[in-house]
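The values are calculated or read from the model by the stated rules, or taken from the named source; none is laboratory data. No experiment lies behind these values; they were computed from the predicted model shown. Using ideal geometry, Cβ is built from the backbone for each residue, glycine included, and neighbour counts are taken over all protein chains shown. Please note that ligands, DNA and RNA were not included when accessible areas were found on the heavy atoms of the full protein model with its side chains. Shrake-Rupley method; radii C 1.70, N 1.55, O 1.52, S 1.80 Å.
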Amino acid sequence: MPVDFHLSESQAAVRAAASGFAQGVLKPARDGYKALGPCHERFQATQAAYAAAAGGGMIKGQIAPSLGGNGGSLVEAAILVEECYSVEASAALTVFATGLGLTPFNLLQKPETKEFLEPFLSASGAPLCSLVFSEPGGVANWLEKGGKGLNTTARRDGDEWVLNGEKIWATNSAGWDFKGADLACVVCRDVTNPPGPDADPKDSIMILLVTRADLDRNGPGAFQVLRQVETMGHTSVSGPHIKYTDVRVPAKNVLCAPGEGVPIVLGSFDCSAVLVGAMGVGLLRAAFDAAIAFAKSDDRRGAVPLLERQAVADILSGIKMQAEACRALTWKAAHAMENGPGEYNARRELALAAKVYCSDAAVKGVTDAINAVGISAYDTNQPFADLLNNAMVLPIFDGGNVGIRRRHMQQIMLDPNYDAWSATYGPSK
């Protein structure tokens, strides 16, 4: 098959629909929430935009067709993310975080779990889903033998599981009213039969489903928001410090049994790694567009527009090249994850590379745009402050580049059977 970067008919349709949604819904949402004070108020102000996404099929579009959704390819998802992030990152992230929460279902493809997906298959309401993983104190070493491991635990008690522990940074985990999301995929550690000191931590990791109905049934105090986390960027996103206390859920709520959770957690974040790459592309694109518009229209009291100054043109061409390179890497990673060639770790390495490279490039690209524009970029009427604040989190969230993502790449390269180029050319002979 020849290498071809032309968008297919369905890909072009996704791009057009995403662009229209970003301009018509997400951009006005930003204008609405920016004037508000606390982060939880800004988050709640985006509910109407989120409901519009659900009504337009964007939530159902993050569920596999085999489970009743109309999700497309990972390449189409990357196109969607880029279009939205190039206009309004914060309100968009709430939508895509629900997609991350739904990813374990897509990976497992269990028909018996479809009952939990019903709210997300409807075109009404604003249902939120969350992959509830990160914890206070971090999770970079959660599978290290002899380490502290996850603090969030589950214990089997008859026909129920009892959940306890604290989580943080899990986008959407508290729901619109901060009493719990419609659906949470909670990554926890089974302590029904405490393991011995030499046990492998992965053998106790499970994913427990907690619905809003479960939390309501458990009563006051079962779920608490301990702190609303104010962030520099993505200022309308909710990822608070939460606590589960003796939350009882039915045995049917086990999505991944103890010992089966780790591959699904890692696989979910492999998919999201590609989409963080697309987020970086969107921010690079927005920075370039704003900077070149300024450079064409402003002369800084000189005889020619700034774009005719070679120093400025050099900076802008650098940003443009980075955007193109990052988009190519992201699309390649997205296509390879679903189509190959190469075995899974080879394809996974591309997803990790997209996350690391594009997130770092976004920070540098926005900073370069600021330097090209000069002091005017410091004006909040310009988009550069928001772009930089949003870009700064990309290297450190969704698995930090240093603490997690590069370490995963190291583990892949340490494999005695590591085949460096199999995701491009196929397995070596």
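Would you check if residue 312 is loosely packed, with under 15 Cβ neighbours inside 10 Å and in the same structural domain as residue 368 (by the TED database)? No; evaluated as a whole, the condition is false for this residue. Against the numbered list (1) part of a helix (DSSP H, G or I); (2) modelled with pLDDT under 95, residue 272 comes up short only at (2).
Tell me, yes or no, whether the stretch 260-270 has at least one residue that is open to solvent by 30 Å² or more (accessible area, probe 1.4 Å) and within 30 Å of residue 217 (Cβ to Cβ). Show your work before the answer.
Step one: of the stretch 260-270, the residues open to solvent by 30 Å² or more (accessible area, probe 1.4 Å) are 260, 263, 266, 269.
In the following step, the residues that additionally are within 30 Å of residue 217 (Cβ to Cβ) were identified as 260.
Yes - at least one qualifying residue is present in the stretch 260-270.
Pairs linking a residue in the stretch 233-248 that is in contact (Cβ under 8 Å) with a residue 24 or more places away in the chain to a residue that is open to solvent by 10 Å² or more (accessible area, probe 1.4 Å) and among the basic types (Lys, Arg), with Cβ atoms under 6 Å and 6 or more positions apart or on different chains, are 235/42; 236/42; 241/227. For residue 153, indicate whether it is polar (S, T, N, Q), farther than 30 Å from residue 57 by Cβ, in contact with a Leu (Cβ under 9 Å, 6 or more places away or on another chain) and surrounded by 15 or more Cβ atoms within 10 Å (Cβ to Cβ). Yes, satisfied.
Please work out which residue is surrounded by the fewest Cβ atoms within 10 Å (Cβ to Cβ), limiting yourself to the stretch 1-27 and to residues that are of a type in the set (Ser, Thr, Tyr) and in contact (Cβ under 8 Å) with a residue 60 or more places away in the chain. Give the derivation first.
Just the residues of the stretch 1-27 that are of a type in the set (Ser, Thr, Tyr), to begin with: 8, 10, 19.
Then keep just the ones that are in contact (Cβ under 8 Å) with a residue 60 or more places away in the chain; that gives 10, 19.
Working: 10: 13, 19: 17.
Taking the candidates together, the pick is 10.
A Cβ distance below 7 Å, combined with a sequence gap of six or more or placement on separate chains, defines the contacts here; from the stretch 28-54, residues that are free of Cβ contacts under 8 Å to residues at least 60 places away in the same chain reach residues that are crowded, with 20+ Cβ neighbours inside 10 Å and aliphatic (A, V, I, L, M) in the pairs 49/25; 49/26; 49/29; 49/91; 52/25; 53/59; 53/95. Could you list, in sequence order, the residues of the stretch 271-293 that are within 17 Å of residue 312 (Cα to Cα) and open to solvent by 20 Å² or more (accessible area, probe 1.4 Å)? Listed by number, the residues that qualify are 285, 288, 289, 290, 292, 293.
Hey, can you tell me all the residues within the stretch 113-138 that are in contact (Cβ under 8 Å) with a residue 24 or more places away in the chain and closer than 30 Å to residue 196 by Cβ? Before you say what the answer is, go through the steps one by one.
Residues of the stretch 113-138 that are in contact (Cβ under 8 Å) with a residue 24 or more places away in the chain, as a first pass: 113-114, 116-117, 119-136, 138.
Those that are in contact (Cβ under 8 Å) with a residue 24 or more places away in the chain and closer than 30 Å to residue 196 by Cβ: 131, 132, 133, 134, 135, 136, 138.
Summed over the stretch 280-313, the residues that are closer than 24 Å to residue 328 by Cα and either charged (D, E, K, R) or touching a strand residue (DSSP E or B) at 6+ places or on another chain (Cβ under 8 Å) (or both) give a count of 2.
Taking residues in the stretch 289-315 that are under 12 Å from residue 372 (Cβ atoms), and partners anywhere that are of a type in the set (Lys, Arg) and not in a loop (DSSP other than H, G, I, E, B), the pairs with Cβ atoms closer than 9 Å and at least 6 places apart or on different chains are 292/320; 306/296; 307/296.
For the stretch 232-242, the count of residues that are among the β-branched types (Val, Ile, Thr), assigned to a strand (DSSP E or B), touching an Asp or Glu at 6+ places or on another chain (Cβ under 6 Å) and under 17 Å from residue 184 (Cα atoms) is zero.
If I ask for residues that are over 13 Å from the mean Cα position of the chain (by Cα) and crowded, with 24+ Cβ neighbours inside 10 Å, which ones from the stretch 87-103 would you list?
Scanning the stretch 87-103 gives a single hit, 88.
Among what's in the stretch 207-230 and is in contact with a helix residue (DSSP H, G or I) (Cβ under 8 Å, 6 or more places away or on another chain) and not in a strand (DSSP E or B), pick the residue that is surrounded by the fewest Cβ atoms within 10 Å (Cβ to Cβ). Step through it out loud before you land on a result.
Going residue by residue through the stretch 207-230, those that are in contact with a helix residue (DSSP H, G or I) (Cβ under 8 Å, 6 or more places away or on another chain) are 207-211, 214, 222-223, 228-230.
Among the residues that remain, those that are also not in a strand (DSSP E or B) are: 214, 222, 228-230.
Values: 214: 21, 222: 21, 228: 16, 229: 15, 230: 10.
So, considering only residues that are in contact with a helix residue (DSSP H, G or I) (Cβ under 8 Å, 6 or more places away or on another chain) and not in a strand (DSSP E or B), the one surrounded by the fewest Cβ atoms within 10 Å (Cβ to Cβ) is 230.
Tell me, please, whether a residue that is over 21 Å from the mean Cα position of the chain (by Cα) and within 30 Å of residue 27 (Cα to Cα) can be found in the stretch 221-230.
Of the stretch 221-230, the ones over 21 Å from the mean Cα position of the chain (by Cα) are 221-227.
Pick out the ones that are also within 30 Å of residue 27 (Cα to Cα) and you get 225, 227.
Taking every residue of the stretch 221-230 in turn, at least one turns out to be over 21 Å from the mean Cα position of the chain (by Cα) and within 30 Å of residue 27 (Cα to Cα).
Quick one: in the stretch 121-150, of everything that is charged (D, E, K, R) and surrounded by fewer than 16 Cβ atoms within 10 Å (Cβ to Cβ), which residue is farthest from residue 91 (Cα to Cα)?
Within the stretch 121-150, the subset charged (D, E, K, R) is 135, 144-145, 148.
Subset that is surrounded by fewer than 16 Cβ atoms within 10 Å (Cβ to Cβ): 144-145, 148.
On the way: 144: 35, 145: 39, 148: 35 Å.
Restricting to residues being charged (D, E, K, R) and surrounded by fewer than 16 Cβ atoms within 10 Å (Cβ to Cβ), the top hit is 145.
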